[in-house]
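Below: one structure, written as structure tokens.
The values are calculated or read from the model by the stated rules, or taken from the named source; none is laboratory data. Nothing here was measured: the structure is a model prediction, and the numbers come from that model. Cβ atoms come from the backbone with ideal geometry, glycine included; neighbour counts cover every protein chain shown. Calculation scope for accessible area: heavy atoms of the full protein, side chains included, ligands and nucleic acids excluded. Shrake-Rupley method; radii C 1.70, N 1.55, O 1.52, S 1.80 Å.
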Amino acid sequence: MIIIMCPHVTDEEIQGVENKLKSSGLEANISRGVERTIIGAIGDERKVDKESLRALPGVENVIRVVKPYKIVARESHEADTVINIKGITIGGKTIQVIGGPCSVETQSQMDLAAQGVANAGCRLMRGGAFKPRTSPYSFQGKGVEGLKIFRQAADKQNLPIVTELMDVRFLDDFLEYGVEVIQIGTRNMQNFDLLKEVGKIHTPIILKRGLCATLSEWLMSAEYIAAGGNHNIILCERGVRSFEKAYRNMLDITAIPVLKKETHFPVIVDPSHAGGKTALVPALSKAAIAAGADGLLIEMHPNPCEAWCDADQALAPLELKNLMGELQGIAQAVGREI
Ligand code: PEP
Ligand code: MN
């Protein structure tokens with residue numbers, strides 16, 4: 001951490017900064033230049049609150065040298081982390097496409113969806129039993145009953161399941177139904193108490209990016225999970241809020257290579273919630289893989305027009321299968337396989 005002092009700083013002010021650093025277990029290295037005095041803090045700078053230093057008299061600016069996140073940072077773990085879900089890997093050479101409906105509706109809908117997912121060649125299935133809806137009057141998901149339906153449908157096709165946890169009170173149900181991957185949705189990316197709870201288990205977590213979250217905020221949320229001991233984290237870019245109205249969210253393709261540099265955890269992309277329109281899903285999927293994504297999370301419904309949730313963006317089973325074929329070439333071009 002580097003502390004830049006104001007012009008005409010006094011010895012007392014410098015002493016004040018030194019004392020503050022010492023109280024946090026850091027040493028101060030004072031460098032007096034002709035125009036400015038700069039103090040280098042030596043030690044674990046994460047222990048010092050940047051704001052409380054900036055508030056001291058005589059301090060002009062405080063610059064961090066190391067990343068605020070530790071466990072999730074690539075600098076602390078150079079090799080890619082590969083998440084293993086019953087022998088299916090995310091973050092290795094193979095790109096995984098997780099397919100399935102937005103929400104769990106009925107047993108027959110989920111049975112058909114599971115057939116479609118398996119038939120398309122996807123190895124993992126998605127589906128929401130608990131749905132975060134903007135309106136309290138919209139369908140809220142089937143809850144625990146939905147987990148049961150989902151489990152039955154997926155087991156028939158031998159597909160591990162990915163489903164969203166919104167409330168820690170249902171974590172035991174998720175564990176009871178053997179949910180293989182827990183999704184923490186966009187709206188809960190900064191629900192720190194929820195993040196701490198899923199940090200205590202070892203189930204892989206898909207952490208979706210918050211609607212307006214910076215990459216640093218997102219990685220700090222991942223750090224919450226990792227700090228608890230759960231290092232099975234998959235980051236999912238799903239588009240961010242923007243000024244554009246022609247599509248649902250703006251897919252931040254740039255985030256993919258930046259995250260791959262910043263963190264060792266796998267990065268996947270949800271083109272469905274980004275585009276918000278079925279027709280946009282193939283192009284966004286291809287762009288994501290070309291940019292280095294480790295996987296995709298795609299909404300597919302056996303009968304999209306009838307979907308209870310996000311009907312506009314769901315692919316039909318055949319569309320998913322065709323897309324899987326089209327993605328092969330892109331994957332090969334970037335040295336991956338599907
Ligand atoms: C979902 O995946 O079903 C979902 C609600 O996504 P998001 O949290 O990205 O809106
Ligand atoms: Mn959805």
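Specify the residue that is surrounded by the most Cβ atoms within 10 Å (Cβ to Cβ); the eligible residues are those in segment 152-167 that are farther than 21 Å from residue 235 by Cβ and not basic (Lys, Arg).
In this case the residue turns out to be 154.
What are the pairs with Cβ atoms under 6 angstrom where one residue, in segment 99-114, is aromatic (Phe, Trp, Tyr) and the other, located anywhere, is more than 16 Å from ligand 1 (Cβ to nearest atom)? Sequence gap at least six, or different chains.
Final answer for the pair search is none.
Mind checking which strands (runs of 3 or more DSSP E) fall wholly inside segment 24-83 and carry at least 2 residues that are of a type in the set (Gly, Ala, Ser) and on the phi < 0 side of the Ramachandran plot?
27-32, 37-42
Name, by its number, the condition in (1) among the charged types (D, E, K, R); (2) closer than 22 Å to residue 296 by Cα; (3) touching a helix residue (DSSP H, G or I) at 6+ places or on another chain (Cβ under 7 Å); (4) away from ligand 2 (no atom under 16 Å from the Cβ) that does not hold for residue 173.
(2)
What number of residues within segment 57-82 are of a type in the set (Val, Ile, Thr) and within 22 Å of residue 2 (Cα to Cα)?
5
Please enumerate the residues belonging to segment 121-151 that are touching a strand residue (DSSP E or B) at 6+ places or on another chain (Cβ under 6 Å), more than 15 Å from ligand 2 (Cβ to nearest atom) and open to solvent by less than 40 Å² (accessible area, probe 1.4 Å).
Passing the criteria: 122, 124.
Which residues, taken from segment 261-273, are out of contact with any helix residue (DSSP H, G or I) (no Cβ under 6 Å at 6 or more places or on another chain) and either closer than 20 Å to residue 181 by Cβ or within 16 Å of ligand 1 (Cβ to nearest atom) (or both)?
Within segment 261-273, 265, 266, 268, 270, 273 qualify.
For residue 227, all conditions in the list (1) under 25 Å from residue 203 (Cβ atoms); (2) open to solvent by less than 50 Å² (accessible area, probe 1.4 Å) hold save one; what is the number of the exception?
(2) is the only condition that residue 227 fails.
Output the number of residues of segment 176-204 satisfying the condition of being part of a helix (DSSP H, G or I) and within 16 Å of ligand 2 (Cβ to nearest atom).
Matching residues across segment 176-204 total 3.
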